[in-house]
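Before anything else, here's the structure in question.
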Amino acid sequence: MTRWVRCFWNEEAVCFYFELDADGYVIRQVELQEPGSKALTAASPAEWQEAQRDGRSAEYESVYGLTAEPPISEWEGHDPQWLSADEFEMPGPRDDHRERALPASGRGWWPKCSPLATAA
């Protein structure tokens with residue numbers, strides 16, 4: 001069963017969005033930093049593995065970043081807000097820079113929730 005979650009890290013004003021598989025491992029991860037929802041990470045382990053097979057892992061990491069490796073059950077210091085598939089997939093405001101930052105599997109997708117909404 002796929003699950004979706006977001007977490008806000010107040011110290012760095014970063015909102016993390018995760019799509020998780022049945023075992024709690026990341027399928028897609030996006031990190032947005034306020035102000036302006038600057039994309040820090042927009043990665044997919046499947047796409048990273050493909051890039052690694054093609055000898056492009058360093059290029060992929062420099063553009064998209066990396067995902068969390070341990071399953072969510074091993075994470076510490078986060079306060080997850082569980083999302084529905086509709087809440088996670090609903091496109092939100094985006095600009096060309098952020099759209100280009102997404103891996104191919106995430107194009108046309110962007111979290112709709114503002115990171116600041118979780119900080120209140």
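The values are calculated or read from the model by the stated rules, or taken from the named source; none is laboratory data. Being a predicted model, the structure only gives us computed values, none of them experimental. All Cβ positions, even for glycine, are placed from backbone atoms using ideal geometry, and neighbour counts span all protein chains on display.
Of the numbered conditions (1) surrounded by 14 or more Cβ atoms within 10 Å (Cβ to Cβ); (2) free of Cβ contacts under 8 Å to residues at least 40 places away in the same chain; (3) not aromatic (Phe, Trp, Tyr), Ala22 fails exactly one; give the number of that condition.
Checking Ala22 against (1) surrounded by 14 or more Cβ atoms within 10 Å (Cβ to Cβ); (2) free of Cβ contacts under 8 Å to residues at least 40 places away in the same chain; (3) not aromatic (Phe, Trp, Tyr), the one that fails is (1).
Scan region 20-38 for residues that are in a loop (DSSP other than H, G, I, E, B) and at pLDDT 85 or above and report the count.
In the first step, residues of region 20-38 are kept if they are in a loop (DSSP other than H, G, I, E, B); the result is 21-25, 34-37.
Retained after the next criterion (residues that are at pLDDT 85 or above): 21-25.
Number of matching residues: 5.
Something else: Here are Glu47, Glu59: which of them is among the charged types (D, E, K, R), surrounded by 15 or more Cβ atoms within 10 Å (Cβ to Cβ) and assigned to a helix (DSSP H, G or I)?
Values: Glu59 fails: surrounded by 15 or more Cβ atoms within 10 Å (Cβ to Cβ).
Matching residue, one of Glu47, Glu59: Glu47.
Out of the residues in region 67-84 meeting the condition of being more than 13 Å from Gly24 (Cα to Cα) and without any contact (Cβ under 8 Å) to a residue 24 or more places away in the chain, tell me which one is surrounded by the fewest Cβ atoms within 10 Å (Cβ to Cβ). Working first, answer last.
Taking region 67-84 and keeping what is more than 13 Å from Gly24 (Cα to Cα), we get 76-79, 81, 83-84.
Among the residues that remain, those that are also without any contact (Cβ under 8 Å) to a residue 24 or more places away in the chain are: 76-77.
Working: Glu76: 5, Gly77: 7.
Ranking the candidates gives Glu76 first.
One line per residue, one yes/no per condition, for (1) touching a strand residue (DSSP E or B) at 6+ places or on another chain (Cβ under 8 Å); (2) surrounded by 12 or more Cβ atoms within 10 Å (Cβ to Cβ); (3) at pLDDT 80 or above:
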residue	(1), (2), (3)
Asp54	no, no, yes
Gly65	yes, yes, yes
Asp96	no, no, no
Glu99	no, yes, no
Gly108	no, no, no
